[in-house]
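First up is the structure itself, then whatever we jot down about it.
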Amino acid sequence: MNIAFIYIAEPYQCYHTASVASALAATPGCEVTEYYSFPETVTHLTRIRRALGVPALPLRPFPKSWKAKALKKARRLDQERLLVLRENVAELNQYDVVVATEYTAGVLKEMGLNGPKLVLLMHGAGDRYVNDEHLVREFDLTLVPGPKVETYFRDKGLFQTGVSQIVGYPKFDVFAAVRKENAISFPNGRPFALYNPHYQRALTSAPACMTPLIKGFKAQTDYNLVVAPHIKMFHKGFGIRERQLKRQQSADVLVDTGSDAMLDMTYTSQASLYIGDVSSQVYEFLAIPRPCIFLNPRRIPWRDDPYFLHWTLGDVVDDPADIMTAVAQAQERHARYRPVQEQLFRETFGEPLLGASQRAAEAIVSFMSDA
């Protein structure tokens, strides 16, 4: 069985699927080739496989036309991704299975992918609405982290033409291997809070909260601060946004706009407090239950909205002027949120926590043997 794994976005995708590709490659009768769009992906795949102690796999860059290269240079990355997929359908049609970790890959069917089975290995396990989630119905097999996501897709009728299976969250397997590489410490020895705003314009707290939050942390002495936005926040602007944000860095405020630590759970595993809005990284943070604060400067009516379920896991702050009050109270108020954090974490990722990579590989092999 010839299997293609496709990495069609930034290298964060590697931490969700590379361990599954390796588990499949170790299965008798399986040949795995990986395709990538971002050159940096190669470095991350090498790092992950070194940490896992497994061999490298055949690796190919997606061939790109001059138009695709121009879109990449102009940072029109969503358009470039679709064009790259369209340009490589014939290449992918040579395989028995194509595995992706983005809903976007569902468009391959209408682009002419008609030979391989198309498998979605989900990345992220958050609650927010994603406007291309309807593409789940285009996949022959969808591997989900836990019962929460499976129930959501089933209730929306997105599995009518394919099948699903709960396998867990392979990123936890990768984290278990790489976690010893990076220890975050500040000269003053204080614990740190993580601010992890999302990139989506309609939901992100960054424009209203970034500056007052950084100023507030610089004026207190309980925590340091790591500012690590979703990496897609820096898609556009030709580096201007990154440079502006970096100017706010200080001895007790670390600003990260693109390091490995943003992708591999370094920050979410070591922070003492999570501050964010709609990023699914909050669920990774809750592998160890800890205080959370959610920022709602747009005053979204979130209560009883399933897309904001995670906002039940900590205090929600509407006014940026109240952020530091919530920070000061977070540890004391955590006891009221911990039981629901533990319950929702189990529903999100299932049990056991480790071993998802092997379970995902076995699910793909089993699916293909029955096909």
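The values are calculated or read from the model by the stated rules, or taken from the named source; none is laboratory data. Just so it is clear, the model here is predicted, and its values are computed rather than measured. When we count neighbours, we look across all protein chains shown, and the Cβ atoms used for this are built from the backbone with ideal geometry, even at glycine. When the accessible area is computed, the model is the full protein with side chains, heavy atoms only, and any ligands, DNA or RNA have been set aside. Shrake-Rupley method; radii C 1.70, N 1.55, O 1.52, S 1.80 Å.
Overview of values
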quantity: The chain pair-distance distribution - Cα-Cα, 10 Å bins, rounded %; calculated: 5, 24, 33, 25, 11, 2, 0
quantity: Shape call, the range 19-177: gyration tensor on alpha carbons, a/c limit 1.5; calculated: rounded
quantity: Å² per residue, accessible surface of the range 325-371 at 1.4 Å; calculated: 57
quantity: Full-extension gain in nm, Leu82 to Thr325, via 0.36 nm per residue minus C-alpha separation; calculated: 83.0 nm
quantity: Inter-probe distance in nm under a simple model that places probes 7 Å from Cα toward Cβ, at Gln160 and Lys246; calculated: 5.0
quantity: Euclidean distance between Cα centres, the range 12-42 to the range 312-371, Å; calculated: 25
quantity: Solvent exposure of the range 132-174 as accessible area per residue, Å², 1.4 Å probe; calculated: 37
quantity: Accessible-area composition of the range 222-355, carbon plus sulfur, in percent [1.4 Å probe]; calculated: 50
quantity: Rounded accessible area per residue of the range 208-277, 1.4 Å, Å²; calculated: 39
quantity: Descending principal axes extents, the range 148-257, alpha-carbon based, whole Å; calculated: 54, 34, 27
quantity: Computed [θ] at 222 nm, helices only, for the chain once each DSSP H run of length n ≥ 4 contributes -39500 (n - 2.57); calculated: -10500 deg cm²/dmol
quantity: Accessible surface of the range 1-84, 1.4 Å probe, proportion on carbon and sulfur as whole %; calculated: 59
quantity: Whole-number D in µm² s⁻¹ for the range 215-301, Kirkwood Cα-pair radius fed into Stokes-Einstein, 10 °C, 1.306 mPa s; calculated: 111
quantity: Highest-first arrangement of 169-175, 91-97, 290-296, where packing means the average Cβ count within 10 Å; calculated: 169-175, 290-296, 91-97
quantity: Accessible area (Å², 1.4 Å probe, nearest 10) - Arg60; calculated: 110
quantity: Solvent-free Debye scattering, log10 I(q)/I(0), computed from the Cα coordinates of the range 265-371 at q = 0.09, 0.20, 0.22 Å⁻¹; calculated: -0.30, -1.05, -1.21
